[in-house]
Amino acid sequence: MRAAQKISTTKTYTANLMTTKFAREKDLVERLVRRLGLDVDGYEDPNANRPETGADVTILRGRQRVGVQVTILDTGAVPGKAIGAEKTQAKAALEGGGAGVYAGWGNALPIDAIVSAITKKARARVAGFDEVWLLVSAGIPEHGATIATSFMTHWLTPEALTVSTAKLLAGSSYQRAFLHPIMALEGALYAWTPAGQWTKDVRPK
């Protein structure tokens, strides 16, 4: 393969990865927006054909541009292992033409994993938006899987999140932060703002 062809192939592969990443993160942001009951005009990739902004998805609301940094909670004891198990099971289910069921990687009360995820994102400096949000998504089903990496939201209190992460978030770029367990026994959403503590909203499923 000629050098020019190699460069072209690499650029195409990189572009496809970025498109897939944005599509996945946009889906998670859309789930949050629906959960919040917000009216939005649309979404944009803040990093398309421009320097890295520090955000993953832009929410368009009238003249307001909200930059959202998205991270997926890994509740495994070994970083990457829980998410890796999900992907392996999802691939096997897809190849086998059925739905996989797996468990064992979840953490009943993954406060350490939550603190780790927020600590990493709190260091990021995001600018160029009217408002900046952090979204930590959990319990995300892979295609072909019926149980995702998850935790028991019944046992995770907003007070515990406040004690563990409020100081980290107060010194960050974020005006709002959310912990959104998608597949869980209760329809919980945790939210934080600099003016107060974490709160927990539960809706019937």
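Being at pLDDT below 95, within 15 Å of the chain's Cα centre (by Cα) and more than 19 Å from Gly139 (Cα to Cα): is that true of Gly54 here?
Criteria met by Gly54.
Given segment 25-76, what strands (runs of 3 or more DSSP E) lie entirely inside it while holding 3 or more residues that are surrounded by 18 or more Cβ atoms within 10 Å (Cβ to Cβ) and touching a Phe, Trp or Tyr at 6+ places or on another chain (Cβ under 9 Å)?
Here the list reads 57-61, 64-72.
Examine segment 103-112 for a residue that is in a helix (DSSP H, G or I), modelled with pLDDT of 85 or more and more than 26 Å from Pro46 (Cβ to Cβ), and state whether such a residue exists.
yes
Criterion first (modelled with pLDDT of 90 or more, of a type in the set (Gly, Ala, Ser) and in contact with a Ser or Thr (Cβ under 8 Å, 6 or more places away or on another chain)) does Ala188 satisfy it?
Answer is yes for this residue.
Across segment 125-171, which residue is modelled with the highest pLDDT among those that are assigned to a loop (DSSP other than H, G, I, E, B) and β-branched (Val, Ile, Thr)?
Among those that are assigned to a loop (DSSP other than H, G, I, E, B) and β-branched (Val, Ile, Thr), it is Thr157.
Consider only pairs whose beta carbons are under 9 Å apart and that are at least six residues apart or on different chains; among these, list those whose first residue lies in segment 182-198 and is closer than 16 Å to Val29 by Cα and in a loop (DSSP other than H, G, I, E, B) and whose second residue is of a type outside the set (S, T, N, Q) and at pLDDT 85 or above.
As it stands, the answer is Ile182/Leu28; Ile182/Arg31; Ile182/Ala138; Met183/Ala138, since those pairs meet every condition given.
I need every pair where a residue in segment 32-53 that is under 25 Å from Arg203 (Cα atoms) and touching a residue at least 40 places away in the same chain (Cβ under 8 Å) has its Cβ under 7 Å from the Cβ of a residue that is surrounded by 10 or more Cβ atoms within 10 Å (Cβ to Cβ) and aliphatic (A, V, I, L, M), sequence separation at least 6 or different chains.
Partner pairs satisfying both residue conditions: Leu32/Leu135; Arg35/Leu189.
The values are calculated or read from the model by the stated rules, or taken from the named source; none is laboratory data. Here the structure is a predicted model, which means the values were calculated and not measured. Heads up, the Cβs are rebuilt from the backbone with ideal geometry, glycines too, and the neighbour counts pull from every protein chain shown.
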